[in-house]
1. Please report, as a whole percent, how much of the solvent-accessible surface of segment 247-386 comes from carbon and sulfur atoms (probe radius 1.4 Å).
2. Tell me, what % of the accessible area of segment 37-81 is carbon and sulfur with a 1.4 angstrom probe?
3. Charges only on Cβ, +1 for Lys and Arg, -1 for Asp and Glu: so what's the dipole of the chain about the Cα centre, in debye to the nearest 20?
4. Would you calculate a helix-derived [θ] at 222 nm for the chain, using -39,500 (n - 2.57) for each DSSP H run of n ≥ 4 and dividing by the full residue count, to the nearest 500?
5. Please give the per residue accessible area of segment 275-344, computed with a probe of 1.4 Å over protein heavy atoms only, in Å².
6. Counting only heavy atoms of the protein chains, get the accessible area per residue of segment 43-198 (1.4 Å probe) and round it to a whole Å² value.
7. How much length is gained on full extension from ARG370 to VAL160, taking 0.36 nm per residue of separation minus their Cα-Cα distance?
8. Which of the peptides 347-360, 63-76 is most tightly packed, and how do the rest follow, going by the mean number of other Cβ atoms within 10 Å of each residue?
Amino acid sequence: MDVVARKLTSRHAAGPLSGRMTVPGDKSISHRALMFGALAIGETRITGLLEGEDVLRTAAAMRALGAEVTHDADGTWRVAGRGVGGLDEPDDVLDMGNSGTAARLLCGILASHHLFAVMTGDASLRRRPMRRVIDPLSACGARFVAREGGRLPLTVQGPVEALPLEYRVPVPSAQVKSACLLCGLNAPGITRIEEPEATRDHSENMLRHFGATVHVEEAGRGRIISLQGQPELRAADVVVPGDPSSAAFLVAAALLVPGSRLTIDGVGLNELRCGLFATLAEMGADIAVANRRIEGGELVGDLVVTHGPMRGVDVPWERAPSMIDEYPILAVIAAHAEGTTRMRGLKELRVKESDRLAATAALLAENGARVEVEGDDMIVHGDGRKLAGGGLVATHMDHRIAMAALVLGVATEQPVTVDDAGFIDTSFPGFVALMNGLGASIGPAA
Ligand code: S3P
């Protein structure tokens with residue numbers, strides 16, 4: 001995409017949005033499939049892999065560490081793994097682009113390999129906190145050196161033999177939990193990780209799928225995960241479901257445009273990812289799930305979304321881990337509901353690809369919504385009517401802010417413009433074409 005085309009405008013849809021579609025593969029599961037494939041013995045075949053920039057960075061990193069990663073013309077990806085502890089020292093800097101998940105999970109893998117590596121990322125990733133993985137991973141014997149405040153670029157020197165980790169994750173973070181588990185794979189003995197709130201458990205599911213012994217114990221609102229170190233991971237085929245976090249943008253578009261009805265096939269419905277759908281149900285949204293099934297160890301279903309009136313709700317802080325990436329688009333939906341929506345406990349949004357709490361509030365305010373931030377809560381007041389629109393939204397290198405703003409534009413009086421839609425390709429390649437195919441009108445800004 002050239003620089004001019006990155007500035008996009010979304011105009012009011014001419015009529016209802018309708019159609020049946022799939023969304024690209026789940027980003028979290030795609031990263032993990034490549035990583036576990038690289039740590040297994042044999043050839044892992046992955047279907048439905050998200051071919052977005054973030055995941056391609058992980059594929060490149062796995063190649064740089066000695067795994068063979070290829071893809072067939074039909075979209076199947078193949079990873080010839082090196083076995084647990086079998087990765088090579090990379091001979092160049094590992095650039096993880098915009099992806100916090102790729103960077104943090106990879107830190108976990110590198111920490112328990114006896115090698116030296118240098119990692120960097122783009123301007124957004126270089127601002128994000130890495131101390132949250134550096135601190136626990138250092139306990140395995142790895143030595144990290146990072147920029148001021150624990151930012152990238154960083155270097156890591158792994159120990160000759162890693163120690164298992166015992167760690168209580170202080171913030172609900174699947175990335176930190178997963179980094180610790182990946183590190184523990186190449187340490188003898190039991191790695192024991194406690195999380196205060198249950199977060200997405202794709203790593204635990206995939207560890208089992210590749211043959212590791214993992215024990216999960218409920219502990220209040222959280223979990224204690226014990227992993228037996230140095231298993232022989234065996235290659236296993238992975239079917240990646242559609243990403244519920246990407247589906248959320250299409251769901252929102254259907255809910256905002258009168259008369260719309262969309263069917264989104266094959267969406268991942270892991271219960272630790274479904275907070276948005278629970279919230280929308282409370283708001284009165286008409287979303288049916290058809291054809292529930294298990295695919296590749298994850299619950300999957302087809303979503304049928306029909307436009308209708310919605311009311312504001314109170315979203316409890318405990319729900320945040322199960323919908324952490326969905327607040328920008330929920331805020332857009334809430335601005336069209338009748339009444340006030342209060343989203344509580346959004347501290348973690350401040351350390352995403354952008355400060356998403358500030359960026360979401362600005363996105364809405366810029367387009368005529370009434371929005372407030374009080375501490376870590378965001379409050380959106382709607383009156384069930386269209387917003388004025390007409391704003392220019394600063395996306396701050398954040399794909400979800402860009403998509404949330406473009407979805408908003410399908411329902412505002414005046415068009416909504418984003419300064420840079422280029423980052424959408426990190427998670428949802430083809431988003432603009434797909435939206436336009438359903439009846440949206442998104443194109444280069446004048
Ligand atoms: C992810 C975990 C979440 C989420 C991110 C993907 C993962 O981050 O925001 O998009 O794949 O583990 P945190 O675990 O840091 O909250």
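The values are calculated or read from the model by the stated rules, or taken from the named source; none is laboratory data. Computed from a predicted structure; not experimentally measured. So basically every Cβ, Gly included, is an ideal-geometry build from the backbone, and we count neighbours across all protein chains shown. Areas reflect the complete protein model, heavy atoms only, side chains present, ligands, DNA and RNA absent. Shrake-Rupley method; radii C 1.70, N 1.55, O 1.52, S 1.80 Å.
1. The C+S portion of the solvent-accessible surface of segment 247-386 is 49 percent.
2. That fraction is 47 percent.
3. Taking the Cα centre of the chain as origin, the dipole is about 400 debye.
4. The per-residue figure over the chain is -8000 deg cm²/dmol.
5. Result: 36 Å² per residue.
6. Heavy-atom accessible area per residue stands at 37 Å².
7. 70.0 nm
8. Working: 347-360: 20.8, 63-76: 14.5.
Result, highest mean first: 347-360, 63-76.
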